[in-house]
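The values are calculated or read from the model by the stated rules, or taken from the named source; none is laboratory data. These numbers come from a predicted model, not from an experiment. All Cβ positions, glycine included, derive from the backbone under ideal geometry; neighbour counts span all protein chains shown.
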Amino acid sequence: MKKDKEHTGGIGPEKTAPAEKEGLGDLFRREREARGLGYTEISELTRLRPSFVEAIEEEAWDRLPPPVFVKGFLRSYARVLDLDEEVVLGRFHAVKPIEEVPLPLPLVGPEAGRKKWGRYALAVLVVLALGIYLWMSLPPENGRRVPQKEHPLTRAPTATTG
């Protein structure tokens, strides 16, 4: 027997339609119990901790991680119970609006300039150290010995006539 679209709220015959006045936690609990599943089974199927499953059903959002993670939990739980994920997330946002977290402002002014010059100075020091190391490690004159002029200590005897 097919469900008509009006009855399911446009979700489709394969998805379960949540009742309009029913809370999100009540919806999950009702669907889980209708399938004869406990917290442990849901935990294994969704890979969520049983305490998280319980907190979702009790709508104890303060016992759960930040909303970005909870949205993933709700998607996973909805998938296991064959509920429409978008409807579930819409209900979650109605209960727990998304909080905008202000982004940190980029550094400007003297501190940003110091960081920039510090990087340049470090790069110059590294190049200098590498150059000195290579210069010191090379053999003198490419390994050739420079012949020394011979300076005799004594004069060679010269022949005299006379």
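Annotations for the structure displayed:
- Every residue from the range 57-96 that is among the acidic types (D, E) and farther than 25 Å from A34 by Cα: D62
- Scanning the range 1-59 for residues being modelled with pLDDT under 85 and over 16 Å from L83 (Cβ atoms) gives a total of 6.
- Among the helices (runs of 4 or more DSSP H) confined to the range 15-91, the ones with at least 2 residues that are polar (S, T, N, Q) are located at 39-46.
- Filtered residue count, the range 24-53, keeping only those that are over 17 Å from A94 (Cβ atoms) and either among the β-branched types (V, I, T) or over 28 Å from the mean Cα position of the chain (by Cα) (or both): 16
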